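*Asks:* Just passing along the structure, written as structure tokens.
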Amino acid sequence: MAKPNGSSQTIIIKKYANRRLYDTSTSSYVTLDHLSELVREGRDFEVRDAKSGEDLTRQVLTQIIFEQETKGEGALPLNFLRKLIGFYGGGAQTFLPAFLDMSMNSFADTQKEWRKAANPMSAFEKQAKRNMAMFEQGMKMFMPTLYKASQTEKTTPSNPILEFQAEALATMQAQMQAIQEQLADLAKKD
């Protein structure tokens with residue numbers, strides 16, 4: 001995990017006896033919300049006791065989770081919390097951290113895939129528009145009279161075959177427009 005300046009150093013946060021947190025990389029006091037933001041940005045940090053140098057990262061991360069849960073922004077179901085507490089002190093406690101880490105990594109990977117799957121809808125819509133433009137360009141090149149007939153108002157039916165083809169083209173264009181609108185609606189829902 002990297003800091004914005006491109007270095008891969010871990011940010012050191014000092015925790016003082018008065019419970020204040022000091023970010024040594026920015027030389028400023030920070031809050032738990034700031035640390036939450038660092039986590040969301042994927043930036044690595046360690047929290048150290050300012051006096052003893054003891055690693056307090058686990059306790060501070062747990063405190064952040066506690067704060068989020070008490071604000072009503074809970075992500076942890078009660079059943080999960082009960083089971084998690086049940087693992088403390090048991091033999092499975094040694095295997096649980098690796099299992100939870102693997103599960104969270106798998107979930108994060110799946111979430112990235114969901115996001116990728118949601119975004120291509122706009123790319124799919126753009127591609128559909130490009131395809132329609134190419135289709136229209138092809139129609140202009142290969143069937144100029146048919147395309148012209150479909151684009152202009154007809155005053156007198158001169159050729160029933162051309163009229164039928166023009167109606168078919170107009171129907172296909174209307175269907176493509178409906179598909180594009182449906183794609184746009186799907187993209188808005190994501």
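*Asks:* Output the relative contact order of the range 1-121, whole-number percent, from Cα pairs under 8 angstrom with separation of 6+ residues.
*Replies:* 16
*Asks:* Calculated FRET efficiency, L96 and F66, Cβ-Cβ r, R0 22 Å, to nearest 0.05?
*Replies:* The computed FRET efficiency comes out at 0.70.
*Asks:* Now, a different point. Order K14, K188 by their accessible area, 1.4 angstrom probe, all chains in place, largest first.
*Replies:* If we order K14, K188 from most to least accessible, we get K188, K14.
*Asks:* Given H placed on each backbone N at 1.01 Å, which residues far from F45 in sequence or on other chains put an amide H within less than 5 Å of it?
*Replies:* The list, which skips near neighbours in sequence, is I11.
*Asks:* Using a 1.4 Å probe on the protein chains only, how many percent of the accessible area of the range 34-121 belongs to carbon and sulfur?
*Replies:* Carbon and sulfur: 60 percent of the exposed surface of the range 34-121.
*Asks:* Using only the heavy atoms of the protein chains and a 1.4 Å probe, how would F99, F80 rank by accessible area, largest first?
*Replies:* Sorted descending by solvent-accessible area, the residues read F99, F80.
*Asks:* Using mean Cβ contacts within 10 Å as the protection proxy, how do 63-75, 26-38 order, highest first?
*Replies:* 26-38, 63-75
*Asks:* Follow-up. Could you order S25, S52 by accessible surface area, starting with the largest, using a probe radius of 1.4 Å?
*Replies:* The most accessible residue leads, giving S52, S25.
*Asks:* Be a star and scan the range 20-39 for residues whose amide nitrogen sits under 14 Å from the point 7 Å along the Cα-to-Cβ vector of K51.
*Replies:* Within reach of a label on K51, which here means backbone N under 14 Å from a point 7 Å along Cα→Cβ, the range 20-39 contributes 20.
*Asks:* Here's a follow-up. Averaged per residue, what accessible area in Å² does the range 1-108 show with a 1.4 Å probe, protein chains only?
*Replies:* That works out to 73 Å² for each residue.
The values are calculated or read from the model by the stated rules, or taken from the named source; none is laboratory data. It should be emphasised that the depicted structure is a prediction, and the values quoted were computed from it without experimental measurement. Here the Cβ is made from the backbone with ideal geometry for all residues, glycine too, and neighbour counts use every protein chain on show. When the accessible area is computed, the model is the full protein with side chains, heavy atoms only, and any ligands, DNA or RNA have been set aside. Shrake-Rupley method; radii C 1.70, N 1.55, O 1.52, S 1.80 Å.
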